[in-house]
Amino acid sequence: MTMGELKKLFLGLSLFFATTVSAEITINEVMPCNISSYMDKESTFNYSGYTEFYNSGTSSVDLKGYKIVHEKRTSKSVYSLKWEWKIAESVVVPAGGYKLIFFDEVEKAGHSKYKLDSDGGKLYLYDASGKMVSQLTYPAMYTHISYGPDGYMEPSPKKKNTLAVSNISL
C-alpha cells in the first residue's frame, strides 16, 4: 500500500468513527423583576434579575469569552445600547440543560456587573468568535413574571419553559 493510499484509508476511517458533537445555546428566559420568585442560593442569597440559557446540543458549552449585549427600550420601537459584557469566568451550560446568569452588579462566575431593564429591551448573545448565536426582545416586565421566546410566562428557572402568553392585562 502506498503512502497516499494509507492517508486516504486513515482519513476515511477517521470520518467513519467520528461522532458529531453539536451545541446550540439560546436565551431561553429573562426575568429582570425577580422580587421574590427565585433566590440565588448558590452565591448571594438574593432575588436578582436573571437570564436563563438553554443548550439544545449534545455537549456542554462554556460561555467564557462569550459576550452579552443589552439594548434598552427608549420608546415603543426604538432601542439604544445600554451595555456590553464579556463573560470572563467559566459558566458551563450542560448538554440538554440550563444555566442562569444573574444580573445583580456582582462581578463573579455566573453574575454580571450590570442590571437588566424592566421597561423592555433586547439581549444578544455572541460566541467567542463574535458570531451572534441568540437574541431575545422582551417587553415591559412585571414582578413575578418572566419572558421567553414565546411570551410572558410563570418563571421556570433551570427547567423547561411554562405555557406562555403574548399579552398581560393588569
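All of the numbers you see were taken from the coordinates with simple rules; none came from a lab. This one's a predicted model, so the numbers in the text were calculated from it and none came from an experiment. Cβ sites come from the backbone with ideal geometry, for glycine too, and all protein chains shown count toward neighbours.
Things to note:
- Relative contact order (%) - criterion: Cα under 8 Å, at least six apart; region: the stretch 95-170: 19 percent
- Sorting 140-149, 73-82, 25-34 by average packing, meaning the other beta carbons within 10 Å per residue, from highest down gives 25-34, 140-149, 73-82.
- The packing ranking, built from the mean of other Cβ atoms within 10 Å per residue, places the peptides 157-163, 54-60, 98-104 in the order 98-104, 54-60, 157-163, highest first.
- Electrostatic dipole magnitude of the stretch 61-170 [Cβ: Lys, Arg +1; Asp, Glu -1; Cα centre; debye, to 20]: 120 debye
- Cα-based reach from Lys76 at 19 Å (exclusive), listing aspartates and glutamates while leaving out same-chain residues under 8 positions away: Asp117, Asp119
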